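Participant: One structure, pasted below without further comment.
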Amino acid sequence: MDQNETQWDRLLKIKTTGRDDSHSDQYRYPYEPTQYCVLERLAHSGLIGKKNVLLDYGTGKGRVCFYLSYQTRCRSIGVEYDERIYKDACNNQDTAVSGSRTEFLLQKAETYSLEKQEDRMFFFNPFSIEILRNVIARIV
């Protein structure tokens with residue numbers, strides 16, 4: 001495992017490393033956290049700022065929410081269907097340095113109703129093209 005991954009988890013006071021495919025199938029892919037180097041590029045892109053609300057579809061253990069809330073000061077909402085992994089995100093929220101700017105919902109992405117203030121969306125290959133089409137149809 002990349003040392004950068006564990007260092008950021010330690011700094012953010014969260015536990016998000018490792019892959020989990022215990023509840024994956026042809027429609028919902030395994031939990032696999034987005035690498036911090038990718039999130040770093042996004043955080044420095046200028047596309048997300050403190051006035052934005054980020055919605056992370058298939059949030060897993062919440063890495064994207066915690067990191068981007070920490071780096072950009074945005075508010076973030078993570079949507080996760082897997083109850084066990086959702087609980088991991090909530091446990092991380094209790095210890096995370098940016099936990100007060102994050103929120104997690106136990107819900108399927110394709111049933112989530114977008115709120116007006118949610119103006120940034122993040123997807124990291126969380127589910128099949130069929131589910132993605134349904135999610136995007138609810139966004140536009």
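Participant: Solvent-accessible area per residue for the chain at a 1.4 Å probe radius, Å²?
Facilitator: Numbers: 7850 Å² over 140 residues.
Per residue, the chain has 56 Å² of solvent-accessible surface.
Participant: Kindly count the pairs of lysines across the range 1-135 whose alpha carbons are less than 14 Å apart, treating pairs on different chains or eight or more residues apart as eligible. The partial results should precede the final answer.
Facilitator: Working: LYS13/LYS61; LYS15/LYS61; LYS15/LYS87; LYS51/LYS116; LYS61/LYS87.
Qualifying lysine pairs in the range 1-135: 5.
Participant: While we're looking at this one, here's another question. Running a GNM on the chain with Cα contacts under 10 Å, which residue among GLU103, GLU80, GLU115 ends up with the highest mean-square fluctuation?
Facilitator: Evaluated over the chain, the most mobile residue of the options is GLU115.
Participant: Quick one: Karplus J couplings for the range 76-83, per residue in order, coefficients 6.51, -1.76, 1.60, θ = phi - 60°, nearest Hz, x for Gly and Pro?
Facilitator: 9, 10, x, 10, 9, 8, 7, 4
Participant: Pop out the carbon and sulfur fraction of the accessible area of the range 53-140 as a percent, whole number, probe 1.4 Å. Don't jump to the answer; show the numbers that get you there.
Facilitator: Numbers: 2000 of 4200 Å².
Within the range 53-140, the accessible surface is 48 percent carbon and sulfur.
Participant: Toward the positive end of the charge dipole of the range 60-102, about the Cα centre and with charges on Cβ (Lys, Arg +1; Asp, Glu -1), which of VAL79, CYS90, THR102 goes farthest?
Facilitator: THR102
Participant: What ratio of Cα Rg to 2.2 N^0.38 Å holds for the range 63-120?
Facilitator: Numbers: Rg = 11.3 Å, N = 58, 2.2 N^0.38 = 10.3 Å.
For the range 63-120, the normalised Cα radius of gyration is 1.09.
Participant: What is the dipole size for the chain, taken about its Cα centre, with +1 at each Lys and Arg Cβ and -1 at each Asp and Glu Cβ, in debye to the nearest 20? Intermediate results must be reported in sequence, preceding the final value.
Facilitator: Details: 20 positive and 20 negative charges, 115 e Å.
I would put it at about 560 debye.
Participant: Just for the chain, what percent of DSSP beta bridges are antiparallel, to the closest 5? Before the final figure, lay out the partial values.
Facilitator: On the way: 2 of 16 bridges.
Counting only bridges with both partners in the chain, antiparallel ones make up about 10 percent.
Participant: Within the range 31-68, list the residues whose amide N lies under 13 Å from a label point set 7 Å along Cα→Cβ of LEU114.
Facilitator: Correct set: 53-57.
The values are calculated or read from the model by the stated rules, or taken from the named source; none is laboratory data. Owing to the predicted nature of the structure, the values given are computational and were not obtained by experimental measurement. Because the Cβ atoms are built from the backbone with ideal geometry, glycine has one as well, and the counts that use them run over all protein chains shown. Just so you know, the surface numbers come from the protein's heavy atoms only, side chains and all, with ligands and any DNA or RNA stripped out. Shrake-Rupley method; radii C 1.70, N 1.55, O 1.52, S 1.80 Å.
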